[in-house]
1. How big is the charge dipole of region 164-305 about its Cα centre, in debye rounded to the nearest 20, if each Lys and Arg gets +1 on its Cβ and each Asp and Glu gets -1 on its Cβ?
2. Order the peptides 81-87, 270-276 from the highest to the lowest mean number of other Cβ atoms within 10 Å of their residues.
3. Given PRO105, ALA115, LEU39, which one lies farthest toward the positive end of the charge dipole of the chain, if we put +1 on the Cβ of every Lys and Arg and -1 on the Cβ of every Asp and Glu?
4. Can you send over the carbon and sulfur percentage of the accessible area for the chain, probe radius 1.4 Å, protein chains only?
5. Between ASN180, ASN120, ASN198, which gets the highest mean-square fluctuation from a Gaussian network model of the chain, Cα cutoff 10 Å?
6. Grab the Cα-Cα distance for ALA70 and ASP220, subtract it from 0.36 nm times how many residues apart they are, and report the gain in nm with one decimal.
7. Where a ≥ b ≥ c are the square roots of the eigenvalues of the C-alpha gyration tensor, would you call the chain rounded, which needs a/c under 1.5, or, failing that, prolate if a/b is larger than b/c, or oblate?
8. For SER140 paired with LYS94, estimate the spin-label separation in nm (one decimal), with each label point 7 Å from Cα along the Cα-to-Cβ line.
Amino acid sequence: MSLLETRERRRTPPAAPPLAARNGLWQRIRAAKWSYLYLAPMAVLLLAFVIYPIFASFGYTFYRWNGIGAPGEYVGLANFRQILHDGIFWGAVKHTFVYAFVLVPVQLVMALALALVLNNPKLKFALFFRTVYFIPVVTSAAVVGVVIQLMLANFGDSAGGLLAKTGMTNGHVDWLGDPNTALAVIIAIGIWHTLGYNLVYFLAGLQTIPAELYEAAKLDGCGPVQSFFRITIPMLRQVGVVIVVLAFIGSFQVFDLVQVLTGGGPYFATEVVNTYIYHLAFGGSPGSAAQPDIGLASAASFLYGLLLIVFSALQVLALRQISRRRTAANQ
């Protein structure tokens with residue numbers, strides 16, 4: 001190649017970038033206008049029923065308002081100070097975290113164990129068993145609460161009467177009326193009611209693991225326990241982080257079961273943050289104000305939201321750090 005040809009090549013401008021790179025943001029939006037059109041109804045509903053209420057409720061935190069008419073009594077940060085000095089609020093926070101930290105580990109262990117069994121290709125009627133375990137999820141929590149409340153009642157042929165007849169308890173036990181047992185009963189019901197979610201998640205994760213890995217491990221002499229810890233757990237690590245985060249987020253939203261079963265009682269022994277906010281906003285609890293107070297409820301909701309954001313961020317960071325350490329150790 002001559003020197004002249006080399007100079008001409010250097011002067012030649014580079015090839016034009018692809019069309020997608022040359023187009024601006026507006027051109028790309030126009031190209032995908034039908035996709036955005038399909039998403040528009042969901043976006044409108046999200047703005048109307050999620051985003052707007054969040055900002056609107058924050059504005060209410062500065063007022064003393066019973067929800068009727070326009071807010072008029074401006075109190076500044078008084079609502080936040082009252083919530084922060086309310087022992088019932090911190091008791092509700094404690095009960096919510098106890099519910100989450102007991103329910104999630106127990107439920108995840110049970111869901112993973114059941115998923116391993118139901119994922120076995122040799123298991124007969126696997127689809128039937130999956131359906132049975134998932135049925136409680138699609139059942140209304142309010143209906144579940146009413147039925148179980150009748151089962152645990154201290155009259156008629158209830159579960160308490162059956163336990164008393166068999167000698168397992170000394171007479172009738174007021175499971176939902178005793179402050180020492182009410183929260184434990186709600187946690188047990190919550191584990192059963194939402195087990196299907198995590199079961200499906202783990203089943204989906206297990207089905208992404210290639211069967212060839214287990215076959216190779218079996219040829220190398222690995223037993224079921226070794227395959228579980230050396231193949232199943234590492235391959236489920238990324239999915240497991242998502243499952244743990246979703247499980248905690250779901251458990252912190254507990255409301256229906258508590259409201260139907262105990263209403264936060266007895267003596268606030270099962271009061272969680274969501275029922276506490278509900279009682280402030282609509283009344284119906286001995287510990288709430290004589291009149292509903294939307295401002296106090298909004299302040300409690302805002303503080304709880306900040307607490308959950310901080311906890312979720314710490315949770316994700318901790319899980320990522322654990323994952324990095326395990327990856328480094330395996331290398």
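The values are calculated or read from the model by the stated rules, or taken from the named source; none is laboratory data. From a predicted model like this one, the values you see are computed outputs, not experimental measurements. Cβ placement follows ideal geometry from the backbone for every residue including glycine, while neighbour counts extend to all protein chains displayed. All accessible areas refer to the heavy atoms of the entire protein, side chains included, with ligands and DNA or RNA removed. Shrake-Rupley method; radii C 1.70, N 1.55, O 1.52, S 1.80 Å.
1. So the dipole magnitude of region 164-305 works out to roughly 240 debye.
2. Going from most to least packed, we get 270-276, 81-87.
3. Positive-end residue among those listed: LEU39.
4. Ligands and nucleic acids excluded, carbon and sulfur give 67 percent.
5. So, out of ASN180, ASN120, ASN198, the one fluctuating most is ASN120.
6. Stretched fully, the ALA70-ASP220 segment lengthens by 46.7 nm.
7. It comes out oblate by the Cα gyration axes.
8. 3.4
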